Amino acid sequence: MDIGIVAQQLFNGLMLGVIYSMIAVGFSLFFGVLDVIKFSHGDVVTLGSFSALGAAGVSGALFALPPALALLTGLAAAVGAGALAGIVIGRILVIPLRGAPSINVLLATLMAGTVLREAIRLGVPNGGNPKPFPALLPSGMINAGSFSVGIDSVIIVCAGLLLVVGTHLFVTRTRFGLSIRAVAQDDEVARLAGIDQQRVVLGTFALGSGLAAFAGCMLGLYYREISFNMGVLLGIIGFASAVVGGLGSLIGPIIGGFLFAGVQTLVVVAMPISSAYRDVVAFAVIIILIALFPTGIIAEQRSERV
Amino acid sequence: MKLINKLLLLTCGALVAVATGTVPVLAKETVKLAFIGPLSGGNSAPGIGGRNSTQLAVQLRNADPSAKYIFELVTLDDECKPNIGIQVATKAASDRSIIAGVTHYCSAVGIATVDTYARFGLPVVVWGAILPEITYGNDYHEIHRVNGTMINEGKLAAEFLTKQGFLKYVVVHDTTDYGKGQNKYFSEYLKLAGGEIVATFPVSPDQQDFTAELTKIKELKPDLIMVGGLTPLGVRLRAQMDRVGVTAQLAGVSGIMNAGFLEGAGAAAEGTISFHNGAPITKYEQGQAFLDAYAKAGFREDPDAYGPFAYSAATLIMDAIEKVGPDRAKVKDLLNTTKAYKSLVGEINFDDHRQNILRANVYVAQDGKWVYWPDSEYAASKRKLRLN
């Protein structure tokens, strides 16, 4: 196979991996601090992309902003809306249900996701249709033989990687990150040490959901098209990546995300006719890995919970 | 004597009631019809267009003083999912007050529900699904279809595209009955027309990322990518082609020929070719009148490409009910014999499988609109299609 095409497929896998990782990290954060699965996470990705589209579109139309400023407005709106949704879901659905069986939180957040999704479909004009996302990043291609990649794609991958690394540094190096880790390790002791547990939980929900919303904005910029139900499968993939990587750790979901993307890309490269089975193969690999590593590739006992 | 008095009293009472208007005089019977289509999800744009068009047909009929019945439309959402489709089809068919149905845009749903309609004896007229098996794969006298099939579209697509000089093809189709059927008929006719398919990619209808497939396609250097799927698939492919650097021409069947594709793909939609069993609405005799009435009715959404077929299906059913009364069996028998019925979409003639006989047409996306090929600047050689 042409080396340029191989490089391009590697880049495709890298891009998908970054997106999956950003979603998976959120799942791991929520599970780490509160032992809950927030199943509306995929729909928060969608909320982020639609908020970015709305804010960039409206601000661009009203003030004729240059693309860079419109992008910043869009990103701010996406992260803001995502973080707010995370806080609302955490405050209204998750914290009050803390003592209840975990299945209740799972169901409640699943329903919250449906509410978000349907609100987007019904609230956005012609919300059932896919929506074009404006090209706000510099255009132009980097060509090298049969390898060609958009400058915008490179920016998106770099931004995604930086954000994932930034989240890791935030959790491991800052005072608030220390609080998150303290609550994750032992919430009783954390409370005795004077840590405001509710603040930490809501802060974690804001952080994880803001990250997902940022991923949603990146998805829009990359695919130039968003739709109200795009978060459903992404949420499941993010969750699967987090579980296989090690739910509760930070590095695990990143490994899981890249693993899932790698398998998907490999299936298509190996045989075009098997393209329809790429998700089947990827999820089958996840099942096998879960059987081999029940607590994830980065096993919880050997990793520090977030 | 007492009896006569009572009768007199009753007669007087009735006369007073009529004179004061408390009893309706010759009240029209209400007859229910079902509309079923995708009203939510990625294919809701054509579904809502079909619903609005059917609603318009019912409104116009109810406003007609010469109509014998008042028609009431029961609207159901099949979400373009076969399992949901069977649920709502059963709901409609088991409700004996519903006399007939204007049913289904998505082929996967259309084929899944035929048994249900046959079992409950509910006559239906399909308004958008184009899988041939819906009418040709059974002998259910309840199933009729006003729009054409993918056989017409596939044949025309193969002949037209090879004539334009496209010889090397890649097919990307979804794995529903719809996508598989499109692939089957297009491939068969393409072979006869002299084209070559270098690769076929069956994909999930919900798949979002196509960069791996498109990178593989880039390596194969086809002249044209044929989309056998609906709008979401078409939009995603078109949007991602540029990103990977694929310069091939894009063509798709009527599943992408709607406003949703043009809006979703934006400027990149320009030059995309599509094939549809209907002619442009303004080319039909009653086309302008339909558009005027549609605008006057104040619907927020477009009728979309299949709206006129839904409208025609509804008028065909209502005319049958007007003739034979609200009786499922009689309506079915009358619909079965439809010949030379003048409708919005031209003359409707059902063959022995109750399939309307139509020919397909070519369209091209030009300046954000689907333009009838003979009227386009591409046909006039003012603009050029992509050819590697």
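Numbers at a glance
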{"item": "Given (1) of a type in the set (A, V, I, L, M); (2) over 17 Å from the mean Cα position of the chain (by Cα); (3) within 14 Å of chain A (Cβ to nearest Cβ), number of the condition B:ILE70 does not satisfy", "result": "(3)"}
{"item": "Selection from segment B:244-260 of residues that are touching a strand residue (DSSP E or B) at 6+ places or on another chain (Cβ under 9 Å), within 12 Å of another protein chain (Cβ to nearest Cβ) and either crowded, with 22+ Cβ neighbours inside 10 Å or under 17 Å from B:TYR169 (Cβ atoms) (or both)", "result": "B:VAL244, B:VAL246, B:ILE256, B:ASN258"}
{"item": "Residues satisfying the stated conditions in segment A:283-296, i.e. of a type in the set (Gly, Ala, Ser) and in contact (Cβ under 8 Å) with a residue 40 or more places away in the chain", "result": "A:GLY296"}
{"item": "Unmet criterion (only one of (1) within 11 Å of chain B (Cβ to nearest Cβ); (2) surrounded by 24 or more Cβ atoms within 10 Å (Cβ to Cβ); (3) among the β-branched types (Val, Ile, Thr); (4) in contact with a Ser or Thr (Cβ under 7 Å, 6 or more places away or on another chain)) for A:VAL25", "result": "(1)"}
{"item": "Residue ID - farthest from B:PRO232 (Cα to Cα), chosen from residues in segment A:144-156 that are more than 8 Å from chain B (Cβ to nearest Cβ) and assigned to a strand (DSSP E or B)", "result": "A:ALA144"}
{"item": "Failed condition for A:LEU137, given (1) within 14 Å of chain B (Cβ to nearest Cβ); (2) hydrophobic (A, V, I, L, M, F, W, C); (3) assigned to a helix (DSSP H, G or I); (4) under 23 Å from the mean Cα position of the chain (by Cα)", "result": "(3)"}
{"item": "Any hit, segment A:186-203, residues being modelled with pLDDT of 90 or more and within 14 Å of another protein chain (Cβ to nearest Cβ)", "result": "no"}
{"item": "Selection from segment B:292-318 of residues that are surrounded by fewer than 19 Cβ atoms within 10 Å (Cβ to Cβ) and within 22 Å of B:GLY148 (Cα to Cα)", "result": "B:ASP302"}
{"item": "Residue check for A:SER227: within 14 Å of chain B (Cβ to nearest Cβ), polar (S, T, N, Q) and farther than 21 Å from A:LEU14 by Cα", "result": "yes"}
{"item": "Residue in segment A:249-270 that is within 14 Å of chain B (Cβ to nearest Cβ), aliphatic (A, V, I, L, M), under 15 Å from the mean Cα position of the chain (by Cα) and crowded, with 20+ Cβ neighbours inside 10 Å present", "result": "yes"}
{"item": "Wholly within segment B:228-317, helices (runs of 4 or more DSSP H) carrying at least 3 residues that are under 23 Å from A:PHE228 (Cα atoms) and not β-branched (Val, Ile, Thr)", "result": "B:231-244, B:259-265"}
{"item": "Restricting segment B:353-374 to residues that are at pLDDT below 95 and charged (D, E, K, R), the residue that is surrounded by the fewest Cβ atoms within 10 Å (Cβ to Cβ)", "result": "B:ARG359"}
{"item": "Odd one out for B:GLU263, checked against (1) over 19 Å from B:GLU72 (Cα atoms); (2) buried (at least 24 other Cβ atoms within 10 Å of the Cβ); (3) not small (Gly, Ala, Ser)", "result": "(2)"}
{"item": "Filter pass, A:LEU163 being at pLDDT 90 or above and either farther than 30 Å from B:ILE217 by Cβ or away from chain B (no Cβ under 13 Å) (or both)", "result": "yes"}
{"item": "Restricting segment A:271-306 to residues that are part of a helix (DSSP H, G or I) and at pLDDT below 85, the residue that is surrounded by the fewest Cβ atoms within 10 Å (Cβ to Cβ)", "result": "A:ILE273"}
{"item": "Tally of residues being more than 9 Å from every other protein chain (Cβ to nearest Cβ), surrounded by fewer than 13 Cβ atoms within 10 Å (Cβ to Cβ) and assigned to a loop (DSSP other than H, G, I, E, B) across segment A:98-134", "result": "3"}
{"item": "From the options B:LYS339, B:LYS323, B:LYS330, residue that is part of a loop (DSSP other than H, G, I, E, B) and among the basic types (Lys, Arg)", "result": "B:LYS339"}
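The values are calculated or read from the model by the stated rules, or taken from the named source; none is laboratory data. For clarity, every value in this text was computed on a predicted model and none was experimentally measured. Backbone-built Cβ (ideal geometry, glycine too); neighbour counts: all protein chains shown.
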